[in-house]
Amino acid sequence: MIKNAVLVINCGSSSLKFSLIEPTSGNILAAGVAERLLSKHGFIKINYQGNKESTPLAVPFDHQVAVNFIVEFLRQHDLVDCLSAVGHRLVHGGEEYSTPTLIDDVVKYSIKKLSKLAPLHNPVNLIGVNAAQQAFPHLPQVAVFDTAFHQSMPTKAYIYGLPYNLYKDHGIRRYGFHGTSHYYVGKQAAKLLGKPFAQTSVITAHLGNGCSITAIDNGKSVDTSMGLTPLEGVVMGTRSGDLDPGIIFHLIEQLNYTPEQVSNLLNKDSGLLGISEMSNDCRTIEEAIINEQDQRANLTMDIFCYRIAKTIASYMASLSHFDGLVFTGGIGENSDLVRTRIVNSLHLLNIQLDETQNIEVRFGKSGLISTATSQNCWVIPTNEEQVIAEQTYQLIAGGK
Ligand code: ADP
């Protein structure tokens, strides 16, 4: 008999991912994703007991319809009564939220207010919260924030070189994102080392469509590459990452870009896609390198990997000691080519990959990929849903 399952909801602008998780074992009872929401052809894919089914959604193909579909699915499979709570991934918790938080009207109001720091994310996260509250009015709803893990960063790491009043009066500072993922893989690395997390210092590289690097010192995030928004840091799938802010004025004043066009350029048309003029997908770029010896694809990959290696090396200034480097995210978990190119630039840090292990550890596997004489380097698949389920359950069980 299943008890205390947590429904984890991750609501994006046009998608809604869900997992039904047994929080103490981490067992995934069901999972799915509703895609192309708010378009003409919303549909939902559900994976349950080894069966994968894709079903068109009813009009108006929105987040509420998707949540209603999930509720009906849970009902049909007798999975509603086993629910203890709903855990939501919330992108921006500002300085207010450094721990998982029970959602009430006050919390919803402050998440809404934080939308000015995350206009693309918080409003749509709230749509998921409202839809789930309507569907499960009797269940506690918990927010787990992407920014929360980075709230331990020291002041020197999060204040920009800008007039201080922009921080004091407007909250303009570095917040960092992907916190749940960095926390999870950092903790897993501590387990692999056989050390308490509070004594573990690692650098974690979350490389997916969005990419960020974090320095974790004695179990706490002390620096991370994303900033006020997820645009800062390394080159990503479609985001530029760091650049000379003067470029923005050049685009506006000399090339007549509007602010909206600049935003689209930096967020949606840059990164792997912009440099390669081919794709934002790492696999496509790798194939072009391997099958066609494509020079631009090769340059794109070099830029991507070099910027990541530089960030990793710079985090030696943030750590008290170094226990190892962790790769995670779709690219970090699967691309031996990316890992090789990054680590090739880090030989002065004494990180060397075991070629066989580097090729073998992929497709959801976890393991050490460095040689016996090297500093540790691991691949650890991330599991943000597991953290959200665990933290949600801990909060409500603690409160009972
Ligand atoms: P998101 O940030 O949207 O969660 P993911 O973590 O799923 O993204 O990562 C997506 C990226 O992972 C894409 O660039 C994709 O090409 C890359 N990826 C997935 N599988 C592989 C693979 N086998 N080899 C190389 N790259 C891969």
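Shown is the FRET efficiency for Glu53 and Met1, computed with R0 = 25 Å from the Cβ-Cβ distance and rounded to the nearest 0.05: 0.50. When the helices in the chain are scored as -39500 (n - 2.57) per DSSP H run of 4 or longer and the sum is shared across all residues, what 222 nm value do you end up with, to the nearest 500 deg cm²/dmol? When only DSSP H runs of four or more count, the value is -11500 deg cm²/dmol.
For segment 169-291, the equivalent ellipsoid built from the Cα gyration tensor has semi-axes of 32, 21, 9 Å, listed from largest to smallest.
Please give the net charge around Pro230, taking every other residue with its beta carbon less than 11 angstrom from that of Pro230, where Lys and Arg add +1 and Asp and Glu add -1. With Lys, Arg at +1 and Asp, Glu at -1, the neighbours total -1. Stretching the chain fully between Asn165 and His138 yields a gain of 5.4 nm (0.36 nm per residue, less the alpha carbon separation).
Taking the fewest neighbouring Cβ atoms within 10 Å as the starting point, the ordered list for Lys220, Lys310 is Lys310, Lys220. The shape of segment 249-290 can be summarised by an equivalent ellipsoid whose semi-axes, obtained from the alpha carbon gyration tensor, come to 28, 9, 5 Å from longest to shortest. Globularity index of the chain is 0.99 (Cα radius of gyration / 2.2 N^0.38 Å, N = number of residues). Look at Thr356, Thr300 and count the other Cβ atoms within 10 Å of each Cβ; fewest to most, that gives Thr356, Thr300. Projected label points at Lys40 and Lys195, each 7 Å from Cα along the beta carbon direction, are separated by 5.7 nanometres. Put simply, the Cα atoms of segment 254-400 extend 58, 45, 33 Å along their principal axes, the longest span coming first.
For the pairs Lys3/Lys220; Lys3/Lys108; Lys17/Lys40; Lys191/Lys365; Lys112/Lys191, note any where the Cα-Cα span goes beyond 25 Å. Violating the 25 Å limit, Cα to Cα: Lys3/Lys220; Lys3/Lys108; Lys112/Lys191. If you build a Gaussian network model of the chain, linking Cα atoms that sit under 10 Å apart, which residue out of Ala205, Ala215, Ala313 swings the most? Per the Cα network of the chain with a 10 Å cutoff, Ala313 tops the list. Expressed per residue, the C-alpha convex hull volume of segment 102-160 stands at 94 Å³. In terms of overall dimensions, the C-alpha atoms belonging to segment 1-104 reach 38, 37, 21 Å along their principal axes, ordered largest to smallest. Indicate, rounded to the nearest 5 percent, the antiparallel portion of the DSSP beta bridges found entirely in segment 62-220. Looking only at bridges with both residues in segment 62-220, the antiparallel portion is about 65 percent.
Note that segment 22-163 shows a convex hull volume over its alpha carbon atoms of 150 Å³ per residue. Taking other C-beta atoms within 10 Å as the exposure proxy, His121, His77 rank His77, His121 from fewest upward.
Can you find, among Ile308, Ile359, Gly227, the residue sitting farthest towards the positive end of the charge dipole of segment 210-369, where Lys and Arg contribute +1 and Asp and Glu -1 at Cβ? So the residue we want is Gly227. Dividing the radius of gyration of the alpha carbons in segment 314-354 by their Kirkwood radius gives 0.98 for Rg/Rh.
Evaluating kT/(6 pi eta Rh) at 37 °C and 0.692 mPa s, with the Kirkwood radius of segment 196-256 over Cα pairs in the Stokes-Einstein relation, gives 247 µm² s⁻¹. Taking a point 7 Å from the Cα of Leu120 along the Cα-to-Cβ direction, the residues of segment 160-177 with backbone N closer than 15 Å to it are 176-177. Annotation note: GluC sites (Glu not before Pro) in segment 238-313 located in DSSP loop regions with a Cβ neighbour count of at most 16 within 10 Å are Glu277.
Determine, at each q value in 0.20 (inverse angstroms), the log₁₀ of I(q)/I(0) that the Debye formula gives when each Cα of segment 95-241 is one equal point scatterer. So the normalised log intensities are -1.27.
Just so you know, all these numbers are worked out from the coordinates, no wet-lab data involved. Everything numeric in this text was worked out from a predicted model, so none of it was measured. All Cβ positions, even for glycine, are placed from backbone atoms using ideal geometry, and neighbour counts span all protein chains on display.
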